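Before any comments, here is the structure.
FYI, it's all coordinate maths here, none of it is from the lab. The model shown is predicted, which means the values in this text are computed figures rather than measured ones. Heads up, the Cβs are rebuilt from the backbone with ideal geometry, glycines too, and the neighbour counts pull from every protein chain shown.
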Amino acid sequence: MERAWVTKYDGCLKSPIKQFKQVPVLILYEHGGKRHEKVPDPKDLELIKKIDEHDIPHWFPTNRMPEGEETRRNDDIGLTHVHHFFTRRNLATLACAWAQADSLRTRFMLTSMMYKSSLLCAPLMSNYFAAKKGKTRGGWIGKERSGTLYCPSIHSEVSIWSQIESRSKSVRVTAASDHLPMISTASATDIRIPESSIDYVFTDPPFGANKMYSELNFIWESWLKMRTDNTLEAICNKVQGKRLLEYEFLMKSGFSEYYRVLKPGRWITVEFSNTSNAVWNALQNAMGASGFIVADVRSLDKKQGSIMGYTTATAARQDLAISAYKPNGGLESRFKLQAGSEDGAWDFIRTHLSQLPIFVERKGVAETIIERQAFRLFDQMVAFHVQRNVAVPMSASEFQQGLNQRFPPRDGMYFLPDQVAKYDKKRMTVREVLQLQLFVSDEASAIQWLKQQLTRKPQTFQDIHPQFLKKIGGWQKHEKALELSELLEQNFLRYDGKGEVSSQIHSYLSSNFKELRNLAKDNQALKAKGKDRWYVPDPNKAGDLEKLRERTLMREFEEYRESKQKRLKVFRLEAVRAGFKKAWQERDYATIIAVARKIPEKILQEDPKLLMWYDQAVTRMGEE
């Protein structure tokens, strides 16, 4: 339907203005301790008209709403200036109260009422109907839509007087003890606190483009005659010229300060929520580049329990509590002496494992701690080296082999020797360990899923192919499609029926088939049952397979590097990751930057590994 409009004279602007038409439809009031409602009668409408024509004798702001993603959202309905956001009655009342305010505390109280006093306030309809049924008394009070300047089609004019009465009782500053907390208002990029002086940091940082903080402040700041300097505001905002890269840079500046003031070995908790993978990756990258090491990520929704697989596409759709620590001085000192050596890498892994939770249980089921899995430990080890500009001393297969030799595994997780007994004791109290639910969307997640399936049960191509087809429904459009046969040949081994059955297949068959128990590995019945089954290679034998796969990936990466295309539309993400890693090891930062520019920015920002290599390359190029 077409919107109804009204044209009226704005005395403040000294010109006619066109605004959306508003008609009073219901009055909710209190009398004799009871609440009532009525349809506006001619006297009510005449009173509203008289108030609208009233000349307000006190000052109030008439600022034009500035350019922005939120501040100009109501221009198309005629709300272009600050005073347009209030009914004439509430504007007059606020102006009168502001003129009488003689303290900072009183003005603080009044600014806290601005949204609820404005046209941005919508009636809580569900609570209103509940109140009519006698289930609640507070249903008639309106509520603004948090985080936006959205003006609802039906708004609730909330009494200024009732708000003042309510808030004046609650706005008090009371000393709980003789030692008052220190409170400051400043940028997190310049915390004026001595280095290594803080025991713990809790931060709730801006979530990319979720909220335009300085824009949302404009209405009450107009009353205060003071504006926020948004130069260092860490958000994504087109009007301010801040894209994801600028947001990440500002977040790095803030987390670097957190890192500086935090004592070695102490912790930071980050509360974070965003529906964008790119913003989630930017936060992780900012934390890592600042020196923090993530140890645990949990959902804040208690019904959901701990988050699983937070590097997957669905991760950022939850409210997260991220726990990270600043490495103690001992680790950093030792690492400087052993940088680039295997001893230095394993020293980091030991220290990191000591910081991770040992056992997580929910409703009688143990949860897999993703940070204790081999691929996450490898990623953390690589990141620790890259962020300190040190060569990574081993390949993934060498790392896996060393991990099995040094740290006892349990349920796909790795522990320090003194942690295993604690885990085993707790493990006996639960029914099972809940495995990670992997979402197959690209080559890397497909390999992880296949590894999970084949570790549990070595299978033939015919066995696993139907399951694989069901899993690849969410394959990303930019990711080069690979056949199951290609993934198996490049990452796993197949028993051809010749020689002894592999230990992996022997263990599975002897455990699941009574007639095959206690048979030698060269038994014909065992060999026949194991023929053509794919299995996860032993880490001691996986090196050659990894080298073969790396050569294939590097050939594809060279094609991308030499391609004349400005943008690569479909490519193999694993090949780009392998190429970036090799180029970084060779300090060929220019190649990383050149290929990164051929990749769609959204893809680059949504892949934490690519983003890490790229950011480090840009940083190193700048330093040199």
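How big is the Cα convex hull of the range 545-623 in projection, averaged over all directions, in nm²? Write down the numbers at each step before the final one.
Details: hull surface 20.3 nm².
If I average the Cα hull's projected area over directions, I get 5.1 nm².
Along the Cα-to-C-beta direction of residue 183, a point sits 7 Å from the Cα; which residues of the range 98-118 have their amide N less than 13 Å from that point?
Only 104-106, 108-109 fall inside the zone, counting backbone N under 13 Å.
Provide the packing ranking of 294-300, 357-363, 181-187, i.e. peptides ordered by the mean count of other C-beta atoms within 10 Å per residue, highest first.
Details: 294-300: 18.9, 357-363: 15.0, 181-187: 7.6.
Result, highest mean Cβ count within 10 Å first: 294-300, 357-363, 181-187.
Can you put 49, 527 in order of Cβ neighbours within 10 angstrom, beginning with the fewest? Numbers along the way, then the final one.
Working: 49 11, 527 19.
Arranged by neighbour count, lowest to highest, 49, 527 become 49, 527.
Can you figure out the FRET efficiency of residue 167 with residue 365, using R₀ = 45 Å and their beta-carbon distance, to the nearest 0.05?
0.45
Considering only C-alpha atoms, what is the centroid distance from the range 547-606 to the range 501-532, in Å?
Each part reduced to its Cα centre gives a spacing of 42 Å.
If one computes the Cα centroid of the range 349-403 and of the range 480-500, what distance in Å separates the two points?
27
Please give, to one decimal in nm, the separation of the simple spin-label points placed at residue 404 and residue 211, each 7 Å out from Cα toward the Cβ.
4.9
Under 15 Å from the Cβ of residue 564, count the other residues' Cβ atoms, weight Lys and Arg +1, Asp and Glu -1, and hand me the total.
On the way: positive: 561, 566, 567, 569, 597, 598; negative: 558, 559, 562.
Result for the local shell: +3.
Mind checking the range 482-539 for chymotrypsin sites (Phe, Trp or Tyr not before Pro) that DSSP puts in a loop (not H, G, I, E or B) and that have at most 14 other Cβ atoms within 10 Å?
Details: sites: 492, 495, 508, 513, 534, 535; in loops: 492, 495, 513.
Qualifying residues, ordered by number: 513.
Measure up 471/541; 326/425; 21/116; 498/529 against 23 Å on the Cα-Cα distance and list the ones that go over.
Values: 471/541 28 Å; 326/425 30 Å; 21/116 20 Å; 498/529 12 Å.
In this structure, 471/541; 326/425 exceed 23 Å between Cα atoms.
Note the full-extension length gain between residue 618 and residue 27 as 0.36 nm times their separation in residues minus their Cα-Cα distance, in nm to one decimal.
Details: separation 591, 0.36 × 591 = 212.76 nm, distance 6.14 nm.
Stretched fully, the residue 618-residue 27 segment lengthens by 206.6 nm.
Compute the distance in nm between two label points, each set 7 Å from the Cα along the Cα-to-Cβ direction, one at residue 566 and one at residue 319.
4.4
With equal scatterers on the alpha carbons only and no solvent term, can you work out the Debye log10 of I(q)/I(0) for the range 331-436 at 0.20 1/Å?
The computed values of log10 I(q)/I(0) come out as -1.00.
Could you give the length gained on full extension between residue 89 and residue 435, defined as 0.36 nm per residue of separation minus the Cα-Cα distance, in nm? Let's see the in-between values first.
On the way: separation 346, 0.36 × 346 = 124.56 nm, distance 6.01 nm.
That pair, residue 89 and residue 435, stretches by 118.6 nm at full extension.
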